[in-house]
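Presented below is the structure to which this report refers.
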Amino acid sequence: MPLPHDPGPHWGEVGIHGLHRQREWDAVVTLAAPELAGTEVWFVALPGGELVREEGDGDSEVLGRAVTLALPYRAHGVRREGGLWVVGATRIETVELDDDPGGQAVELSWDGRERTVRLDGRPTLAGVVELERLGAERHATYVVTAARLSGRIWELFVSPL
């Protein structure tokens, strides 16, 4: 004898959980460009419009012109069948540092009593006044991370501690 159908909620079932997936991209564009070489490219569009290729072999210039998102942003372009390219872009925050701290990555934290600075993952006693100011403007205690994009332009993340 078959069991009766269970009409109750199945909250543990895949796809039925009530939470939507986090949005990954602020803008997505599809571009027909069969003449473009490559298969994939990661790039950053800086505030002045310069494009910095981070990885891959695609043409970031052509793909970057297709993105209508306000600068600055980070984008990922992928070639699909038939010469189509799909580009997803996400806004980022950047800062131009007048005093170059050196290295490629800075992590600075303030817990209300002690400042900690790491340059390229190594502790240092040097400070980065501009990053400290940005952190203090937003939070009483904070963590600021910055990654060099090009020259004096850094990608910036400021979070409460």
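Descriptive notes on the structure:
- For Tyr142, the conditions (1) aromatic (Phe, Trp, Tyr); (2) under 21 Å from Val44 (Cα atoms); (3) surrounded by 15 or more Cβ atoms within 10 Å (Cβ to Cβ) all hold with the exception of (2).
The rows are residues; the columns are (1) surrounded by 13 or more Cβ atoms within 10 Å (Cβ to Cβ); (2) outside the structural domain of Leu31 (by TED's automatic domain parsing); (3) modelled with pLDDT under 95; (4) assigned to a strand (DSSP E or B).
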position: Gly49; (1), (2), (3), (4): no, no, yes, no
position: Arg74; (1), (2), (3), (4): yes, no, no, yes
position: Gly77; (1), (2), (3), (4): yes, no, no, yes
position: Val86; (1), (2), (3), (4): yes, no, no, yes
position: Pro101; (1), (2), (3), (4): yes, yes, yes, no
position: Val106; (1), (2), (3), (4): yes, yes, no, yes
position: Val117; (1), (2), (3), (4): yes, yes, no, yes
position: Gly135; (1), (2), (3), (4): yes, yes, no, no
position: Ala147; (1), (2), (3), (4): yes, yes, no, yes
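- Flag if Thr68 is of a type outside the set (Asp, Glu), closer than 18 Å to Ile92 by Cα and modelled with pLDDT of 90 or more: yes
- The residues on offer are Val29, Val95, Val41, and the sole one that is surrounded by 12 or more Cβ atoms within 10 Å (Cβ to Cβ), β-branched (Val, Ile, Thr) and in contact with a Gly (Cβ under 6 Å, 6 or more places away or on another chain) is Val41.
- The single condition among (1) farther than 30 Å from Trp42 by Cα; (2) exposed (fewer than 13 other Cβ atoms within 10 Å of the Cβ) that Gly82 does not satisfy is (1).
The values are calculated or read from the model by the stated rules, or taken from the named source; none is laboratory data. Small disclaimer: the values here were computed from a predicted structure and weren't measured. Note that each Cβ is placed from the backbone with ideal geometry, even for glycine, and that neighbours are counted across all protein chains shown.
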